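*Asks:* Handing you this structure, nothing more for now.
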Amino acid sequence: MKLFRLAALALGLSSAFLGAALGAQEGAGKEQIVQVIARRFTFTPNEIVVKKGRPVVLEITSEDFVHGFNVPALKLRADLPPGIVTRVRFTPEGVGQYDFVCDNFCGAGHEEMHGRIVVKE
């Protein structure tokens, strides 16, 4: 009887660990969708927090101008036509902070149109 209980316990623990591992993989594989609004002279939000290794989709909509979205350190670049959702997909591989900017001149406050992607463990 003890052997049966030990075997049942071992099987139960194995299943629990396997389930947890599969759940972690499944969670890591699901895309994080972040909606971003671009308008003269801001991105909202201007700080985007994501997790290393988890796929990200930025859904960026410009409200007023063909802004640009450029994250040089991550080699991400897109034009943002007004009224259209532009999707930028990436999977961050390194922990850190990565600045993004509008790279289409949009007026006197253009230099202030920037933000940051924060990649956490």
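The values are calculated or read from the model by the stated rules, or taken from the named source; none is laboratory data. Here the structure is a predicted model, which means the values were calculated and not measured. Positions of Cβ are backbone-derived with ideal geometry, glycine not excepted, and every protein chain shown enters the neighbour counts. The accessibility values were calculated without ligands, DNA or RNA, using every heavy atom of the protein model including side chains. Shrake-Rupley method; radii C 1.70, N 1.55, O 1.52, S 1.80 Å.
*Asks:* Report whether or not Glu47 is modelled with pLDDT under 95 and open to solvent by 70 Å² or more (accessible area, probe 1.4 Å).
*Replies:* It is false that Glu47 is modelled with pLDDT under 95 and open to solvent by 70 Å² or more (accessible area, probe 1.4 Å).
*Asks:* Give the number of residues within the range 103-117 that are outside any loop (DSSP other than H, G, I, E, B) and of a type in the set (A, V, I, L, M, F, W, C).
*Replies:* 1
*Asks:* Also, quick follow-up: Quick one: what pairs do we get from the range 72-100, first residue under 13 Å from Glu59 (Cβ atoms) and modelled with pLDDT of 95 or more, second open to solvent by less than 80 Å² (accessible area, probe 1.4 Å) and of a type in the set (S, T, N, Q), C-beta under 6 Å, 6+ apart or different chains?
*Replies:* Short answer, once both residue conditions are applied: Ala78/Thr86; Leu80/Ser62; Leu80/Thr86; Val85/Thr61.
*Asks:* Would you pick out the residues in the range 72-102 that are part of a strand (DSSP E or B), over 14 Å from Val36 (Cα atoms) and not hydroxyl-bearing (Ser, Thr, Tyr)?
*Replies:* Scanning the range 72-102 gives Leu76, Arg77, Phe90, Gly96, Gln97, Asp99.
*Asks:* Restricting attention to the range 92-121, which residues are small (Gly, Ala, Ser), more than 16 Å from Thr44 (Cα to Cα) and open to solvent by less than 70 Å² (accessible area, probe 1.4 Å)?
*Replies:* Gly94, Gly96, Gly107
*Asks:* All but one of (1) at pLDDT 95 or above; (2) in contact with a Cys (Cβ under 8 Å, 6 or more places away or on another chain) hold for His110; which doesn't?
*Replies:* For His110, the exception is condition (1).
*Asks:* While we're here: Within the range 74-91, how many residues are out of contact with any Gly (no Cβ under 8 Å at 6 or more places or on another chain) and either open to solvent by 50 Å² or more (accessible area, probe 1.4 Å) or among the acidic types (Asp, Glu) (or both)?
*Replies:* Matching residues across the range 74-91 total 7.
*Asks:* Additional query: Quick one: how many residues across the range 40-71 are in contact with a strand residue (DSSP E or B) (Cβ under 7 Å, 6 or more places away or on another chain) and in a strand (DSSP E or B)?
*Replies:* Adding up the residues that qualify gives 19.
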